[in-house]
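Every number in this text was worked out from the coordinates using simple rules, so none of it is lab data. A quick note: this is a predicted structure, and the numbers were derived from the prediction, not measured.
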Amino acid sequence: MIAGFLMAQAPPAEAAPVDYWSMVFVFVLATFIGLGVIRRVSRLLYTPLMSLTNAISAIAVVGSIVVTGADSPRAIRILGAVALFASMTNIVSGFLITDRMLKMFKKQ
């Protein structure tokens, strides 16, 4: 909290130009590659895949927290907050689905 207050007091630094088209290209490429990989996964490997997806989402949570708390333009901080919400939703729902699947295999 104190660091955020001190950063608000500091004069704004020169921002480097952002190449949005390369970011969009990487996002679209990652989307298609991710969909291609996930479609080819067997149903038996779903639970390990969810664990891996949760680990990747945890990395995304850390990155989105950094982006949301950084001294960036408002639009980028809003996108960071949206990424934080989406990643946390993915993690929580992944754990809930995995827990439900594992309960199906327990003897009653």
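With θ taken as phi - 60° and the coefficients 6.51, -1.76 and 1.60, list the Karplus ³J(HN,Hα) couplings across segment 98-105 in order, rounded to whole Hz; mark glycine and proline as x.
5, 4, 5, 5, 5, 5, 5, 8
How much length, in nm to one decimal, is gained on full extension between Val66 and Ile97, taken as 0.36 nm per residue of separation minus their Cα-Cα distance?
8.4 nm
Output the Kirkwood hydrodynamic radius of segment 61-108, Cα pairs only, in Å rounded to one decimal.
One decimal place: 12.3 Å for the Kirkwood radius.
Explain nothing, just compute: Karplus ³J(HN,Hα) = 6.51 cos²θ - 1.76 cosθ + 1.60, θ = phi - 60°, for every residue of segment 22-35 in order, whole Hz, x for Gly and Pro.
5, 5, 5, 4, 5, 5, 5, 4, 5, 5, 5, 5, x, 5
Using Cα pairs closer than 8 Å and at least 6 residues apart in sequence, work out the relative contact order for segment 61-108, in percent.
Relative CO of segment 61-108 lands at 31 percent.
Could you work out how much longer the chain between Thr89 and Phe32 gets when fully extended? Use 0.36 nm per residue separation minus the Cα distance between them, nm to one decimal.
Here the segment from Thr89 to Phe32 would lengthen by 18.4 nm.
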